[in-house]
Amino acid sequence: MDEPGQSVAALAAAGISVAIDRSVRVAALRYFDVEEFSLLLHRVLGEGLPLVRRFARGRCIAAEEPFILLWRAPTESWLLCAAAAPIDAVRRDTAASHNACVVDQTGGILALHMSGARTLDLLARLGSPASIPRVGEASSGRFADIPATAVGLDAGEFLLLVERVHVDHLLEWIGETLTDF
Amino acid sequence: MSGSRLAPPFGTRIERSRPISFLFNGHVLAGLQGDTLASALLANGVRLVGRSFKLHRPRGIFSCGIEEPTGIVDLIDGSHRTPNVRATLAELHDGLAAQSVNCWPGVAFDVGSVNGWLAPLLPAGFYYKTFKWPTWRLFEPAVRRMAGLGRASLAADSDRYEEVSAQVDVLVIGGGIAGLCAATAAAEGGARTTLLCAGPVPGGTLGWRGDPAIAAKIAKAARAGVTIMTRTLAFGVYDHNLVCATEQLAGTATLPGALRERLWKFRARSIVSAQGATERPMIFPGNDRPGVMLAGAADKYAHAYGVACGRRVVIAANGDSAYRIAGSLRAVGMEVLAVLDRRPNSHIGAHAEGVRSLAHTAIGRVIGSSSVRGCIAVAADGHSTPPERLNCDLILSAGGYAPAVHLHSQAGGRLRWVKEASMFVPDGFAPGLVSVGACAGVFPQAIVAEHAEEVGRALALGFTVPAAPVGGLGRSLASSRLGTARGKQFIDLQNDVAVSDVGLAALENYRSVEHLKRYTTTGMATDQGKTSNVDALVLLGELTRREPAEVGTTKYRPPFAPVSFGALVGRRVGSLYRPLKRLAAVDWHAARGALFEHFGNWHRPAAYPLAGESLHDAAQREARSVRRSVGLFDGSPLGKIELWGPDAAQFLDLMYVGTMSTLAAGQARYGLLLNEHGVVVDDGIVARLGEGHFWVNTTSAGVERTAAAFEEWLQCEFTALKVLVTPVTSRFGNVTVCGPKAWEAMAAVGFDAALAPNSMRHMTIRESAFGALPLRVLRASFTGELSYEINLPVEQTGEMLERLWPAVTGRGGCVYGIEALEILRTEKGYIHVGTDTDGTTLPGDIGFARALDGKRANFVGRRSLLRPAARDPQRLQLVALAPADGRTLLPTGAQVADGVPPTRAEGHVTSSYWSPELEAPVALAMLARGSERLGARICVQHLGRRIDAVVVKAPFVDPLGERLHG
C-alpha cells in the first residue's frame, strides 16, 4: 500500500531500466562550518565532505556499511545508505553540535536507479545539460519539470533522487519517453 | 508561368524513379520523391496557390525557402490539420493533402477578392479610423472573417512531441559552405561540434547546384566528428548561449500518434551563425502576381528540383546576382528575355552572355491578373525611354540580399548598414555568437570558406576570432521603387502592405520603424518580414529623409520561424500537463471513495461522497460529523520546514508578524508571513522543538515559496544569522484527528495518554511515539474543534489512517476532505491565504492590527505597513457576512455594491458556504471600512441579481472558542 510507482509497469526499453531503489535511506546533513563538519564526518564515516558537485563512496568505520555522500549545496550534503547505521552514527556525533544537524529524509526522498547504455539519452529528455552529472558528479536541477538530484554512479548508471510526492509524475514522464526510444 | 520538369541532370534533390501522388485543393497531382510541395505545384503548372491576407489578391509561390510570404497552405492529413505551412518547406509525401488558405468558395473564384476593389477604403490602420459608427463590434466579426490565413484544427493533436537538452562546445547553425567549413575546423580543433541544417540535406547552394566539392566537405565534416543534424531549425538564441531548435521527425510521412517534432535546447560555449541571406524583392506595380518570384528561387527550382518555373523570363534587377542567375537559367534551357536593371550603368558590375540588359530600367506594369502574361518595361525616371512590352510568363526579382542577422540580433549583437550593397550586416560579434558567410555579409565563396574555417578554428582553440571580410555583392540601390508608377507596389506580400501604406504612415508622422510595423502590419505574421523588412525601413527612410542606418531595424525576436505549439509543449499534455503532487496514502483514500481534485498542485480528496451523494452533500455530511463527533483528515500536503541553528528564533521573529522567540520548547504560535511590501503571502504555525530547533507549518501551496523566501532573506539580508532551513514536507505525513471525540478515538487505538487534552494544551507540540513509530503531534486547529495533527514518517500515513479508521467510524465519525475543511474554517472565520487574501492584503486588513502594534521588533514588511496607503481607512477589510433572508447563499466572488456597474464596488465575497451546523449560509468578504461596519446592511451583486446581506460578527460557530479544548 501507498508505495509510489506501483501503478507504473516495469520501465525498461531500449536497454534502459528504471526502478525505485527502496533500500536507499537519505539523510540531509546541514552545517555551517564546512571544515569542522568535514572533520567530524571523517572521524565517523572515514570520509570527509565531498567537493562541489561531487560525491564520494565509502564504508562507515563503525558499522562497515557502504554509503554515498553527495554535495547538494554549500551548507548541505546528503548521506545515502541502505542501513540506518551510518546515519545514526552521524546523528549521534552531531547531537550536541552547534555546527551541524541531521535531518532524516528517508521515505520523503526516493532514489530512482537508472541504468543502460542509452541512459544519458533518457536524461537529456528529462533535464537540462547543466543538471546532468558526469560520472563522479552529483548535480541538482529540474527533471521532467520537477526538482531532483542526479548522481552519476558510472557510465550509463545514475541515481535520480526525487521527492516522493513527485515520483509518479517522473515515472510517467520516463515511461512516455521510453515509448519513443 | 507554366511550369515543367527539366530533363536530367537538373534536379539534384529529386528521385525521378519515385513518383508521388498528392492532393491540392482536391485535385490529384503528381510529384517526385524529394520535391517540396512548392516545387511539385510549380512542376504541375499551378500558379495560383492562395489568397492574400487582407485584399484577397491572388498569390503564388514567391521563394524557395523559409522566407516564403505567399505560398501558404493548410496541410490536412486524416484528422490532422496543420495551418499556415509554407509550401516551400513542406516535403512531399504520398497522400499529402494541401488546401489554399483565406479563400471561399475556392482559390480561383474567391468572394473575398471583392476586397481588392475596396482597397482604397482599406489602407494601413483602417480599423483605427473607420467602422467606428455605430460600433466597431458590429463590423468586427465580418472584418475578421475576411482576413487571415489558415484555419487551426479543433481536434486534439494526436501526435507526440519531446524536448531534448544538449551541451556542445561549438554549435554551428546553417548547413551551407560557411557552416560546414566552420564546423569542420572547430571539430578538428578538438571542440565538440554540432551543425544544425534546416533542410533535409546539408550543402546549401553548392549542394543543390550539384557541386561535387560539397560532398567532400560534408564527408570531411563527418570525419572530423561533427554531429550533423538535418531538418533542424534553430529558431532562437537566448541568455547564456541557449539555442532552441526544432527537429522535424516525421520527415516525409506522418503516422498518427508518431513522434513528430523534437525541441532541442542547446547550451553552447560558442555559437556560429551561418544562416545565409535572403534575396530582396524588387518593388514595382503588380509585384505580387503569381508568376513573380525571387530570382534565386527560380534558379533553385531549376537546379534542385528540375522545375522550370516559366519559359520566357524577365529579371528585374538591383544587383549583379541577376546576371549570374540569368546565365544559370539559360543553361537549363529557359529563355531570358531581358534583365531590367534599376541601377545606372555605373553601378552594374556583371553581365550575362546572350542576355539583353537594360540599365536604369524597371517594370512599370505587370500584365495578367492571376498569372503573369507579360510586363511593361519603363525607364526608371519614367520618361527617358519609351515603354516596351515584354511577353514573359515569369518575372524574377533580384533586388540584392539581406543577410540573415536574426540570431546575431537576438544574441544582443548590433547591426550596421553597408551602403554600397544596401544591406544590414552584423557590427562585430554578438556575445557568444559569431556570424560567418552570407549572414555576416561575406559573399565570395572562397573568402567565405577561408573566413569560416578561421572562425571555427579560433573558437575551438580559444584564439581571437577574425572579423568578417564583408563584401562581394557589388553595388545596389537602397530603394527599387518607382516613384511615378500607377498601381500597387507591394512591400510586404504576406500582409498586403504597399508603398502607399508606408507613405500614409510617414504622412501621419510615424517615424519609428517599430511603430511603422504595428501601424501597417509590415513584417508581421508567419514570415516575420523576411522579404519585406529592409524594403520597408528603406522606404520609410526615403519618405522621412533619413538614411536606412538612421531608421534602424525592428528588434529581431525569437522565434526566427514559426514553431508549433506541440513542440513547445513537448510531453506536457494530459496527466503530464503539470507535475501534481501525490499523497502517500492515495490508495487508502481511493478505497474510501475519495473524489480527487487539484488543490495547490496537490491531487487530493475534495470529499468522500457516498453512493448517490453529491460533492456538496458529502462535504455537508463530513463537516457535520466533525462538529458532532470526529473526523479523520489527511493533512500531509501541509507545508513543513525544519529550522535549526542558534539564531533560528531571532530569524523567525524577523520573518513573521508574531513573536516566536518567546515560545518555550513545546509551544506553538500562529504566524503571518509578509513580503517586503507588507502583503500577506502565507501563514502557518511555528512550534519550538528545542532551543534552536523549530517546526514550521506553511500552507500546502506555499511551502516552496516560503522556504525560498527564508533562504533568500538569510543569504541576502540577514547574512549574520546562523540558521539552516530544511523543507521536510515529503518526509512527514500528517494525519489529523479532529472533533469533540478526537482524543477518545486516539486513546482507543493506544496513543500515549500524555497527549490527552487535559495534559497537552492547544497550541503545543510533543515528540511522541505510537509503538515504534516516532511522532510529532501538534495540537492546533483549522476547524475550531479539538484537533491533533499527527506528523509521522510519510510511508506510514496509510497505516495510521487505517489504524484510526475503525475508532473514528465507530464513534459516528468519518474521513473528510478539503471541501468540508473549507466549510469548517469559514464557520470559524479563519482566513485561507490566497482565498480570502490577495496581492494587496495587509495584516491590518484581516484583523492583525493589534499584533502589529504589539510587536516592537522589526520584521519583513513592517516598513511598508507605515506607508499612508497601508493606513487608508478605505482599505478592504475582512468581515463576516450573513444573507439578510438567512437562506440565500452569497456567491463567492460576487461584488459588494449598491448597484450594478458603473457603481463602484465596495468589496467582494471571498468564501461562502452553507453551514450544516447553523443550517444557514455563512460567508467572509473583503469590504471597504469593514471593521467599522458591524451590523451594516450591504448589497451583494451577482450576474444582475441583488442579494441583501448583513455584516455580522465572526466566528459564526463557537464564538468563545471553547470547543478547541475538547
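Just a yes or no: is a residue in segment B:857-876 within 44 Å of the chain's Cα centre (by Cα), surrounded by 14 or more Cβ atoms within 10 Å (Cβ to Cβ) and over 30 Å from B:Phe718 (Cα atoms)?
So far as segment B:857-876 goes, yes, one or more of its residues are within 44 Å of the chain's Cα centre (by Cα), surrounded by 14 or more Cβ atoms within 10 Å (Cβ to Cβ) and over 30 Å from B:Phe718 (Cα atoms).
Conditions tested, residue by residue: (1) touching a residue at least 24 places away in the same chain (Cβ under 8 Å); (2) under 24 Å from B:Thr36 (Cβ atoms).
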site	(1), (2)
B:Gly95	yes, yes
B:Cys103	yes, yes
B:Gly112	yes, no
B:Trp117	no, no
B:Leu121	no, no
B:Trp136	no, no
B:Phe139	no, no
B:Ser153	yes, yes
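For segment B:729-758, how many residues are surrounded by 21 or more Cβ atoms within 10 Å (Cβ to Cβ) and either farther than 21 Å from B:Glu789 by Cβ or aliphatic (A, V, I, L, M) (or both)?
Count: 5.
Can you name the strands (runs of 3 or more DSSP E) wholly within segment B:27-135 that have at least 2 residues being small (Gly, Ala, Ser)?
Hits in segment B:27-135: B:27-33, B:97-100.
For segment A:144-173, what are the residues that are more than 10 Å from chain B (Cβ to nearest Cβ) and over 21 Å from A:Phe67 (Cα atoms)?
A:Leu171
Those residues that are more than 32 Å from the chain's Cα centre (by Cα), buried (at least 23 other Cβ atoms within 10 Å of the Cβ) and either modelled with pLDDT under 95 or of a type in the set (A, V, I, L, M, F, W, C) (or both), I need them from segment B:13-45; list them, please.
Within segment B:13-45, B:Ile14, B:Ala40, B:Leu41, B:Leu42, B:Ala43 meet the criteria.
Does segment B:768-790 contain any residue that is closer than 21 Å to B:Arg582 by Cα, buried (at least 22 other Cβ atoms within 10 Å of the Cβ) and modelled with pLDDT of 95 or more?
Within segment B:768-790 (the criterion being closer than 21 Å to B:Arg582 by Cα, buried (at least 22 other Cβ atoms within 10 Å of the Cβ) and modelled with pLDDT of 95 or more), the answer is yes, since at least one residue qualifies.
Among (1) over 41 Å from the mean Cα position of the chain (by Cα); (2) within 14 Å of chain A (Cβ to nearest Cβ); (3) not β-branched (Val, Ile, Thr), which single condition is B:Arg688 missing?
Of (1) over 41 Å from the mean Cα position of the chain (by Cα); (2) within 14 Å of chain A (Cβ to nearest Cβ); (3) not β-branched (Val, Ile, Thr), only one is false for B:Arg688: (2).
For segment B:674-716: of the residues being touching a Ser or Thr at 6+ places or on another chain (Cβ under 7 Å) and under 20 Å from B:Asn791 (Cβ atoms), which is surrounded by the most Cβ atoms within 10 Å (Cβ to Cβ)?
Checking each candidate, the answer is B:Thr698.
Would you call B:Gly148 more than 14 Å from chain A (Cβ to nearest Cβ), out of contact with any helix residue (DSSP H, G or I) (no Cβ under 9 Å at 6 or more places or on another chain) and over 30 Å from B:Phe235 (Cβ atoms)?
Criteria not met by B:Gly148.
Out of everything in segment B:216-247 that is over 30 Å from the mean Cα position of the chain (by Cα) and without any contact (Cβ under 8 Å) to a residue 12 or more places away in the chain, what residue ends up being surrounded by the most Cβ atoms within 10 Å (Cβ to Cβ)? Full working, then the answer.
The initial filter retains those residues of segment B:216-247 that are over 30 Å from the mean Cα position of the chain (by Cα), namely B:216-226.
Among the residues that remain, those that are also without any contact (Cβ under 8 Å) to a residue 12 or more places away in the chain are: B:216, B:219, B:222-223.
Working: B:Ala216: 11, B:Ala219: 11, B:Ala222: 15, B:Arg223: 11.
So, considering only residues that are over 30 Å from the mean Cα position of the chain (by Cα) and without any contact (Cβ under 8 Å) to a residue 12 or more places away in the chain, the one surrounded by the most Cβ atoms within 10 Å (Cβ to Cβ) is B:Ala222.
Within segment A:32-68, how many residues turn out to be assigned to a strand (DSSP E or B) and touching a residue at least 40 places away in the same chain (Cβ under 8 Å)?
3
Is one or more of the residues making up segment B:626-642 closer than 27 Å to B:Leu775 by Cβ, hydrophobic (A, V, I, L, M, F, W, C) and assigned to a loop (DSSP other than H, G, I, E, B)?
yes
With respect to B:Val513, is the statement that it is under 30 Å from A:Gly175 (Cα atoms) and β-branched (Val, Ile, Thr) true?
Here the answer is no, as B:Val513 does not meet what is asked.
Going by the structure shown, is B:Ala607 at pLDDT 95 or above and out of contact with any helix residue (DSSP H, G or I) (no Cβ under 7 Å at 6 or more places or on another chain)? Steps first, answer last, please.
Values: at pLDDT 95 or above: yes; out of contact with any helix residue (DSSP H, G or I) (no Cβ under 7 Å at 6 or more places or on another chain): no.
No: the conditions fail for B:Ala607.
Among (1) away from chain A (no Cβ under 14 Å); (2) buried (at least 24 other Cβ atoms within 10 Å of the Cβ), which single condition is B:Met334 missing?
(2)
So which residues in segment A:56-86 are of a type in the set (A, V, I, L, M, F, W, C) and within 13 Å of chain B (Cβ to nearest Cβ)?
A:Ala73, A:Trp78, A:Ala84
Quick one: would you say B:Arg688 is in contact with an Asp or Glu (Cβ under 7 Å, 6 or more places away or on another chain) and at pLDDT 95 or above?
no
Could you name every one of the helices (runs of 4 or more DSSP H) located completely within segment B:394-512 that has at least 1 residues being without any contact (Cβ under 8 Å) to a residue 40 or more places away in the chain and surrounded by fewer than 20 Cβ atoms within 10 Å (Cβ to Cβ)? First the steps, then the outcome.
Numbers: elements: B:406-410, B:445-461, B:499-507.
The qualifying helices (runs of 4 or more DSSP H) are B:445-461, B:499-507.
May I ask you to verify whether B:Leu852 is touching a residue at least 60 places away in the same chain (Cβ under 8 Å), in contact with a helix residue (DSSP H, G or I) (Cβ under 7 Å, 6 or more places away or on another chain) and surrounded by fewer than 23 Cβ atoms within 10 Å (Cβ to Cβ)?
Values: touching a residue at least 60 places away in the same chain (Cβ under 8 Å): yes; in contact with a helix residue (DSSP H, G or I) (Cβ under 7 Å, 6 or more places away or on another chain): yes; surrounded by fewer than 23 Cβ atoms within 10 Å (Cβ to Cβ): yes.
Yes: the conditions hold for B:Leu852.
Quick grid of which residues meet (1) more than 30 Å from B:Glu691 (Cβ to Cβ); (2) surrounded by fewer than 18 Cβ atoms within 10 Å (Cβ to Cβ):
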site	(1), (2)
A:His98	no, yes
A:Val103	no, no
A:Gly107	no, no
A:Ala111	yes, no
A:Leu120	yes, yes
A:Arg125	yes, no
A:Ser131	yes, no
A:Asp145	yes, no
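Within segment B:585-594, is even one residue assigned to a strand (DSSP E or B) and within 13 Å of another protein chain (Cβ to nearest Cβ)?
no
If a residue must be closer than 12 Å to A:Asn99 by Cα and within 14 Å of another protein chain (Cβ to nearest Cβ), how many such residues does segment A:22-48 contain?
8
Which residues, counting only those in segment B:309-325, are in contact with an Asp or Glu (Cβ under 8 Å, 6 or more places away or on another chain) and either among the hydroxyl-bearing types (Ser, Thr, Tyr) or without any contact (Cβ under 8 Å) to a residue 12 or more places away in the chain (or both)?
Within segment B:309-325, just B:Ser321 meets the criteria.
I'm trying to understand the selection: among the residues of segment B:558-582, which are surrounded by fewer than 20 Cβ atoms within 10 Å (Cβ to Cβ), aliphatic (A, V, I, L, M), outside any helix (DSSP H, G or I) and more than 7 Å from chain A (Cβ to nearest Cβ)?
Passing the criteria: B:Val563, B:Val573.
What number of residues within segment B:719-775 satisfy the criterion of being closer than 26 Å to A:Thr75 by Cα and more than 14 Å from every other protein chain (Cβ to nearest Cβ)?
Going through segment B:719-775 one residue at a time, the tally reaches 0.
Can you confirm whether A:Pro129 is touching a helix residue (DSSP H, G or I) at 6+ places or on another chain (Cβ under 8 Å), within 10 Å of chain B (Cβ to nearest Cβ) and more than 28 Å from B:Arg582 (Cβ to Cβ)?
no
Collect the residues in segment A:90-126 that are among the charged types (D, E, K, R), out of contact with any helix residue (DSSP H, G or I) (no Cβ under 8 Å at 6 or more places or on another chain) and facing another protein chain (nearest Cβ under 9 Å), keeping them in residue-number order.
Selection gives A:Asp121 alone.
The values are calculated or read from the model by the stated rules, or taken from the named source; none is laboratory data. All values reported here derive from a predicted model rather than from experimental measurement. All Cβ positions, glycine included, derive from the backbone under ideal geometry; neighbour counts span all protein chains shown.
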